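The values are calculated or read from the model by the stated rules, or taken from the named source; none is laboratory data. Given the structure is predicted, the values throughout are model-derived calculations rather than measurements. Glycine gets a Cβ as well: all are built from the backbone with ideal geometry, and neighbour counts include every protein chain shown. Areas reflect the complete protein model, heavy atoms only, side chains present, ligands, DNA and RNA absent. Shrake-Rupley method; radii C 1.70, N 1.55, O 1.52, S 1.80 Å.
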Amino acid sequence: MSTSSLARGALIVFEGCDRSGKSTQCLMLVERLKALGKRVQHLRFPDRSTPTGQKINAYLANASEMQDDKIHQLFSENRWEAVPSMLEALKNGTTLVVDRYAFSGVAFSSAKGLDLEWCKKPDAGLPAPDAVIYLDIPIEAAMKRGDFGNERYETRAFQEKVAAQYKKLQTPSWMMMDARLPIDQLQADIFNIASKVIADAQNAPVGKLW
Ligand code: NYM
Ligand code: MG
């Protein structure tokens, strides 16, 4: 019916606690899709390269303080600035592989005690992912991958809270992956899922959160 030149790209989001393997799996997926000649772009939030991203970076590095509600809104703003280029890319047939998105925003901020529904509001209307791939790992196992770094939030107690908040956001459509699987096996499963998501998204409109 429609020609391939009209096929849009897919918005594939990776979520999960720190040390769940998101960055590794995103990169592997991007490289594999590129090798197949697919149009693909790797994004990550926060995007630390923009002015808002630099403020966020200073906050995460404990070099500055901000109120919980203000930093929450800044993380959201950091996503909204990317929306025009994201929509353009999707329209042009480029699949976006995104390392963290609005679900991180809500999970991390609500883990501090902010109201979960309030936390969702600033991101309402963002392009909705065609798939959320959640890398599930017990914090116990994530800790064994090495100590957390020095950034804010990188403690066992806080990560336990984040994992509990993520659970509240999960819908039946999330792809729950066992992040303890060997890297290549996990990537093989993710690649199969991504291939189907890309095929299914081609002629579907881009949705909106939430
Ligand atoms: N984070 C990330 C938030 O608190 N809110 C958000 O909206 C996003 C996207 O930033 N510990 C937190 C989660 C991470 C930290 O992310 C930095 P990364 O993926 O380590 O660069
Ligand atoms: Mg980190």
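In the stretch 41-53, the residue that is nearest to the chain's Cα centre (by Cα) out of those that are assigned to a helix (DSSP H, G or I) and surrounded by 14 or more Cβ atoms within 10 Å (Cβ to Cβ) is 53.
Conditions tested, residue by residue: (1) among the aliphatic types (A, V, I, L, M); (2) within 15 Å of ligand 2 (Cβ to nearest atom); (3) touching a residue at least 60 places away in the same chain (Cβ under 8 Å).
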| position | (1), (2), (3) |
| --- | --- |
| 41 | no, no, no |
| 56 | yes, yes, no |
| 70 | no, no, no |
| 77 | no, no, no |
| 87 | yes, no, yes |
| 97 | yes, no, yes |
| 113 | no, no, no |
| 117 | no, no, no |
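Of all residue pairs spaced 6 or more apart or on separate chains, those with beta-carbon atoms under 8 Å, a first member in the stretch 144-157 that is part of a loop (DSSP other than H, G, I, E, B) and a second member that is modelled with pLDDT under 90 and surrounded by 13 or more Cβ atoms within 10 Å (Cβ to Cβ) are 154/148; 155/148. Among all residues of the stretch 56-71, there is none that is over 22 Å from residue 155 (Cβ atoms) and open to solvent by 70 Å² or more (accessible area, probe 1.4 Å).
Among the residues of the stretch 54-86, the ones that are assigned to a loop (DSSP other than H, G, I, E, B) and over 29 Å from residue 198 (Cα atoms) come to 7 in all. For the stretch 56-113, a tally of residues being of a type in the set (Ser, Thr, Tyr), closer than 22 Å to residue 24 by Cα and within 14 Å of ligand 1 (Cβ to nearest atom) returns 2.
Selection of the stretch 153-165 for residues being surrounded by fewer than 14 Cβ atoms within 10 Å (Cβ to Cβ) and either charged (D, E, K, R) or near ligand 1 (Cβ under 9 Å from one of its atoms) (or both) yields only 156. Looking across the stretch 186-210, the residues that are assigned to a loop (DSSP other than H, G, I, E, B) and open to solvent by 80 Å² or more (accessible area, probe 1.4 Å) come down to 203, 205, 210.
For the stretch 134-152, name all the residues that are closer than 23 Å to residue 56 by Cβ and modelled with pLDDT of 95 or more. Result: 134, 135, 152. Evaluating residue 83 against the criteria (1) in contact with a strand residue (DSSP E or B) (Cβ under 7 Å, 6 or more places away or on another chain); (2) under 22 Å from residue 184 (Cβ atoms) leaves one unmet condition, (2).
Within the set 137, 183, the sole residue that is open to solvent by 60 Å² or more (accessible area, probe 1.4 Å), within 14 Å of residue 21 (Cβ to Cβ) and in contact with a Gly (Cβ under 8 Å, 6 or more places away or on another chain) turns out to be 183.
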